[in-house]
Amino acid sequence: MKQLQQYTYTIPANGSVQIPATNDNFIIQESTGPLTVRGDTFGTFKGLVAGQGLKAVPFQRLELFDESGAPNTVKLLMTPAEFVNQTFSGSVVIISGALTDAQLRASPVLVRADQLPTGNWRDTSTVAVNTPITIFNAAANVNGAIIHHMEASDVVATAGNQVFIAKATAPANISDGEVIAQTFTTANNGGTANLSIRRENPVRIEAGLGFFFISGFNGTAGYLRNCRYTLL
C-alpha cells in the first residue's frame, strides 16, 4: 500500500541500505553527504544531496549508497502524492550603521536600514570659474556614499558647463575627476542661456573620494544648488 513514509538511516562509509517500499515520489530531506539512489524501475541516480529527489516515478524498492566515504545520516521522505516545499533558505544581512566595500562584496543579499538621506548640502553663492565648492571631502567618505538627489541651475550669457564631480582631491576644472552629472541648456533667450542639472536616481561614490560642485564659467548671483546624500 502506498502511503506517506519517512525513513532515517545512518549508512556506513561507502555502504548501502535497501528500502523495500512501494511509492511514487521521494525526496532527500537531510543528508550529511552525497548519495547514489538506485530504483528498481528508474535505474541509478548519482550525486543526490538534501533537497533533491524524483517525482512521478513509481517504484517498489530503493537502494541508497553512500558517496561521502564517511558515515552518512539520511532522512528520506516517500509519498504517493506530489510534495510541496515552500521553504526558502539563504542569508540576509541587515546593517544599521556604516557599511564597508568589503561587506558589500561579501553579502549576497543585503537589506539596508539607512536608505534615507542623512546629509544635505545647499549653496546660493556666485560661483567663480574653476573654483570647486566642497559638498563632502575624501576624509569624510570612509566607507562610500550614496548621492540620492542633486540639482543646480544658473544663467549665463553663453552656454557652458557646471558639474557635480567626484575626486580624491579638489578638482581643477569641470573634467578633472569622475563627472557624476553635468548641465544641459533648458532655454536660450535674448543672449542668455538657462542651464540646469537634475538627477534623482541614486548613484554610489566610492570610498576615499570627495564630492564637489564646479563651474566652467562665472555664474550669476542667487541661483540654488543642492544635494542630498548618505555617508555609509
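Values in this text are rule-based calculations from the coordinates and carry no lab data. Only a predicted model underlies this, so the values are computations on that prediction, with no experimental measurement involved. So basically every Cβ, Gly included, is an ideal-geometry build from the backbone, and we count neighbours across all protein chains shown.
Could you name the lysines whose alpha carbon sits less than 29 Å from that of Lys55, not counting residues in the same chain fewer than 8 places away?
Lys2, Lys46, Lys75
In the P(r) worked out for the stretch 1-65, what percent of Cα pairs fall beyond 20 Å? Don't jump to the answer; show the numbers that get you there.
Values: 371 of 2080 pairs.
So the portion of pairs separated by more than 20 Å is 18 percent.
So what are the ³J(HN,Hα) numbers for the stretch 15-29, from phi and the Karplus equation (6.51, -1.76, 1.60; θ = phi - 60°), rounded to whole Hz, Gly and Pro as x?
After applying 6.51 cos²θ - 1.76 cosθ + 1.60, I find x, 8, 9, 9, 10, x, 9, 8, 6, 10, 9, 8, 9, 7, 7 Hz.
Alpha carbon centre of the stretch 201-232 versus the stretch 125-162: separation in Å?
3
Find out how many positive minus negative residues lie around Asn72, taking Lys and Arg as positive, Asp and Glu as negative, among other residues whose Cβ is under 12 Å from that of Asn72.
Numbers: positive: Lys75; negative: Glu30, Asp66, Glu67.
Local charge sum for Asn72: -2.
Calculated FRET efficiency, Asn201 and Thr32, Cβ-Cβ r, R0 35 Å, to nearest 0.05? It would help to have the intermediate numbers written out before the result.
On the way: r = 48 Å, r/R0 = 1.36.
Computed FRET efficiency for Asn201 and Thr32: 0.15.
Multiplying the sequence separation of Glu178 and Thr8 by 0.36 nm and subtracting their Cα-Cα distance, what value in nm do you get?
Length gained, Glu178 through Thr8: 55.2 nm.
Between Thr131 and Thr169, what is the label-point separation in nm under the 7 Å Cα-to-beta-carbon projection?
So the label points at Thr169 and Thr131 sit 2.1 nm apart.
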